[in-house]
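J.: Structure below; questions to follow.
What follows draws every value from the coordinates through simple rules; no lab data is involved. Just so you know, these numbers come straight off a predicted model, no measurement behind them. Cβ coordinates were reconstructed from backbone atoms using ideal geometry, including for glycine residues, and neighbour counts include every protein chain displayed.
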Amino acid sequence: MAARGRTQFAPTIKKAGVPVARRIQKIHTDPPPVKRKVVGRLDVPVDALRGLARMEIVGDGEMLIENHTGIIEYSPADVKVAAKRRIIHIKGEDLLLDGMDAENLHIKGKIKTIEFI
């Protein structure tokens, strides 16, 4: 059975002369089996389960980004948006942040390229 994640350990600490490893954090790369079953039965998108960014592009003039974590840079020619695991770099002309809240970002303008950094 493959491991779901990995555990990172801090440098070894000695307690009463016996080395003891301290656990810092546990990183899960795949959702637990229970979540996979729920997603399969309820038809919930995997991106919603993992908190990944979801993008909807309408032609070359409108874009909606869901589950973003903030704006890094904004100008009429460039928009850099932070997502959970990547940065989304949108290049274009006359780019405008038409609407934004904690989870959604609506961009209008002439979108030329979308790059994932």
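J.: I need V81, V34 ordered by Cβ neighbour count within 10 Å, fewest first. Please list the in-between numbers first.
T.: Numbers: V81 24, V34 8.
Least to most surrounded, the residues fall as V34, V81.
J.: Using Cβ counts within 10 Å as a stand-in for footprinting exposure, how do I72, I65 rank, fewest first? Spell out each step's value before the answer.
T.: Numbers: I72 14, I65 23.
Going from least to most buried by this count: I72, I65.
J.: For a test of understanding, tell me how many lysine pairs in the stretch 52-116 have Cα atoms under 12 Å apart, given they are 8 or more places apart or on different chains. Working shown, then result.
T.: Numbers: K80/K91; K91/K108; K91/K110; K91/K112.
Eligible lysine pairs with Cα atoms under 12 Å apart amount to 4.
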